[in-house]
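Written out below as structure tokens is the structure these notes cover.
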Amino acid sequence: MAHISDGVLAAPVLIGGAAMAAVLLAAGLRRLDPERLPQAAVMSAAFFVASLVHVPLGPSSVHLILNGLVGIVLGWAAIPAIFVALLLQAFFFGYGGITTLGVNTVIIALPAVLSFVLFAEGARRGAPMLWGAAAGATAVIATSIGAAAALAVGGASFATAAKLVLIAHLPVIAVEALLTGIIVGFLRRVRPEILSFGRIAARPNEA
């Protein structure tokens, strides 16, 4: 959701975002079992495709992302999966930017991990549609708040854009909650083992 473009954010925000993204990416890679790379690739592709259709919104944009779903399935491994998709989108489609890659990774991938921590266990044990919907909504809310905060730091000129980001994503919250709930419920019914990948990825590799 909220791909922030180059030339918008202040240098301290860009530097801080890049540093935080590097730390998160290292943590995510440690938890990415090589045997689970195909699943990570599928979820990265799902994120990539879901966020291809953009509605421009000033220096940002509104679109589906499914980071709540990516988080529930991949856990901490959602961070490298989302990073790769963001990098490819920036290079091939001009979505987001290279200088803002760190900030975009943080505001999109961190909510995915938050959804995993809060809702993945509940989705595995019962009421997967309910927990999935909560994960989808929470991820969108956290991402939109993160994008708005990053823009607001830019000063009064971006304050209106920051408010607009929050307001415009209200209907997206409902759509993401519905889609994520349906998909998680389907996975729990036909391939429940997929919902266990995040738990495995939560343990760092010993190698």
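Tabulated results
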| quantity | calculated |
| --- | --- |
| Subset of the range 1-53 that is of a type in the set (S, T, N, Q) and outside any helix (DSSP H, G or I) - its residue that is farthest from the chain's Cα centre (by Cα) | Ser5 |
| Long-range neighbours under 6 Å by Cβ, at least six apart or interchain, first residue free of Cβ contacts under 8 Å to residues at least 60 places away in the same chain within the range 90-113, second in a helix (DSSP H, G or I) and surrounded by fewer than 24 Cβ atoms within 10 Å (Cβ to Cβ) | Pro111/Ala142 |
| Evaluation of Gly96 against (1) at negative phi; (2) crowded, with 19+ Cβ neighbours inside 10 Å; (3) over 12 Å from the mean Cα position of the chain (by Cα) (one fails), failing number | (1) |
| Candidate set from the range 114-173 (those that are among the polar types (S, T, N, Q) and at pLDDT 80 or above); member that is surrounded by the most Cβ atoms within 10 Å (Cβ to Cβ) | Ser115 |
| Candidate set from the range 58-99 (those that are under 20 Å from Trp131 (Cα atoms) and in a loop (DSSP other than H, G, I, E, B)); member that is modelled with the highest pLDDT | Leu66 |
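The values are calculated or read from the model by the stated rules, or taken from the named source; none is laboratory data. These numbers were taken from a predicted model, which means no experiment stands behind them. Quick reminder, even Gly has a Cβ in these numbers, built from the backbone with ideal geometry, and neighbours come from all protein chains shown.
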